[in-house]
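Only one structure is covered here, and it is reproduced in the block below.
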Amino acid sequence: MGDARPSRVAWLQLGAVVVLFGFAWPVIKIGLGASTPVWMAAARATLSAATAFVLVAALKRLAWPSRADWPIILSVGALQLTCFFAFANLGVQSVPPGRSGVLAYTTMLWMVPLSWMAGEKVGPRAMLGAALGVAGIVVLIDPWRFDWSDRAVLFGHGWLLAAGFTWAIAILHARRHRWRMSPLDVLPWQMGLATVLLWIVAFLLEPQGYLDLGQPSLWLSLLYLGVLAGPAATWAAVSVARALPPITGSLGMLGVPLLAIASSIVLVGEPVTWPLAAGTALVIAGIAIVILDRNN
């Protein structure tokens with residue numbers, strides 16, 4: 001009985017992570033109805049940083065990072081958080097949120113060429129998975145019926161793929177980093193750095209940007225993204241990574257893009273099309289093959 005309880009908790013935490021991250025995509029779309037993309041990303045990071053500091057302090061684990069911890073704080077704070085938050089919001093502004101969730105979740109596909117360039121061994125199965133995923137991206141974008149003159153939609157797809165790419169770079173660094181503090185312990189500092197960077201970017205790139213704080217939808221979106229889908233979900237994800245086998249946790253996380261689509265259909269009325277269904281199936285299959293190859 002003593003061994004069963006941690007397992008049940010880990011599965012519940014995995015489910016919570018999938019739900020929180022999956023619902024984040026239509027929630028971003030709703031919030032963007034009352035804000036501009038980078039300003040909303042900065043506000044989200046601000047709430048996430050405050051929540052992370054309170055969470056880690058409550059666990060009595062808040063400490064100033066050592067010099068050896070700052071490289072991972074800088075890379076994750078700048079790439080996985082600052083770039084991902086901004087790029088995701090810029091993408092969702094013009095691309096349906098369900099499709100956005102799938103395109104931004106191509107991180108594991110980007111890991112294949114990045115790992116190869118970093119000198120790591122990449123097997124043929126991983127290359128096959130990456131190729132399958134790329135085919136899925138093409139189907140999702142549907143270039144045969146794509147309006148190439150619509151620069152907003154064109155750039156929107158590019159922002160979302162860039163979000164997955166920057167996250168992949170951060171993961172590659174995290175894999176090679178010699179951790180002194182745990183990923184949870186450095187989270188407040190990473191969120192804090194992202195907050196500073198995003199507000200700088202917001203004022204530089206969106207000088208006319210705004211947050212319509214009189215809109216309840218914006219507050220609900222920011223509270224969900226900044227408190228639940230930020231530090232709380234990240235904490236649960238760290239716990240899952242430690243409690244479940246890597247392949248189990250990685251495959252379980254494939255539920256995120258699927259739930260992103262389902263929740264977008266329900267919450268914002270995203271239409272179900274054959275490119276969305278077929279492209280998502282190919283992307284998820286490709287990611288699954290890459291995960292299985294990397295865990296052999």
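Just so you know, all these numbers are worked out from the coordinates, no wet-lab data involved. Just so it is clear, the structure is predicted and the values come from calculations on it, not from any experiment. All Cβ positions, even for glycine, are placed from backbone atoms using ideal geometry, and neighbour counts span all protein chains on display.
Select from the chain the helices, each a whole stretch of DSSP H, whose alpha-carbon atoms run 27 Å or more along the helix axis and whose Kyte-Doolittle mean is at least 0.0; answer none if there are none.
On the way: long enough: 4-31 (40 Å, 1.10); 37-58 (31 Å, 1.45); 151-176 (38 Å, 0.82); 183-205 (31 Å, 1.69); 274-294 (30 Å, 1.66).
Span-like helices here: 4-31, 37-58, 151-176, 183-205, 274-294.
Mind telling me which of Leu204, Leu32, Leu193 comes out most flexible in a GNM of the chain, alpha-carbon contacts under 10 Å?
Leu204
Order by neighbour count: Glu120, Glu270, Glu206, fewest other Cβ atoms within 10 Å first, most last.
On the way: Glu120 14, Glu270 22, Glu206 18.
In increasing order of surrounding Cβ atoms, one gets Glu120, Glu206, Glu270.
Just name one of Leu259, Leu81, Gln215: the one whose Cα is farthest towards the positive end of the charge dipole of the chain (beta-carbon charges, Lys/Arg +1, Asp/Glu -1).
Going by the charge dipole, the pick is Leu81.
Would you mind classifying the range 54-93 by shape? Square roots of the alpha carbon gyration tensor eigenvalues, ordered a ≥ b ≥ c; an a/c under 1.5 is rounded, otherwise it is prolate if a/b is larger than b/c and oblate if not. Show your work: numbers first, answer last.
Values: a/c = 6.24, a/b = 1.75, b/c = 3.57.
Oblate, because a/c is 1.5 or more while a/b does not exceed b/c.
Cα centroid distance between the range 157-236 and the range 40-101, in Å?
3 Å
Nothing charged except the Cβ atoms of Lys and Arg (+1) and of Asp and Glu (-1): what's the magnitude of the dipole of the range 4-294 about its Cα centre? Round to the nearest 20 debye. Don't skip to the answer; put the middle values down first.
On the way: 18 positive and 10 negative charges, 207 e Å.
Here the size comes out at about 1000 debye.
Quick check on the range 100-228: take the gyration tensor over C-alpha atoms, sort the square-rooted eigenvalues as a ≥ b ≥ c, and tell me if it's rounded (a/c under 1.5), prolate or oblate. Please report the intermediate quantities before stating the final value.
Values: a/c = 2.26, a/b = 1.16, b/c = 1.95.
The shape class here is oblate.
Work out the P(r) tail for the chain: percent of alpha carbon pairs separated by more than 27 Å, whole number. Walk me through the numbers on the way to the answer.
Details: 17270 of 43660 pairs.
Within the chain, distances greater than 27 Å cover 40 percent of Cα pairs.
In what order do Ser239, Ser35, Ser182 fall by count of nearby beta-carbon atoms within 10 Å, going from fewest to most?
Working: Ser239 18, Ser35 25, Ser182 12.
If I rank by nearby Cβ atoms, fewest first, I get Ser182, Ser239, Ser35.
Once you order the gyration tensor axes a ≥ b ≥ c over the Cα atoms, which shape class does the range 170-222 get: rounded for a/c under 1.5, otherwise prolate or oblate by comparing a/b with b/c?
It is prolate, given that a/c is not under 1.5 and a/b is the larger ratio.
Among Tyr105, Tyr210, Tyr224, which comes first, then next, by fewest other beta-carbon atoms within 10 Å?
Numbers: Tyr105 26, Tyr210 11, Tyr224 20.
Arranged by neighbour count, lowest to highest, Tyr105, Tyr210, Tyr224 become Tyr210, Tyr224, Tyr105.
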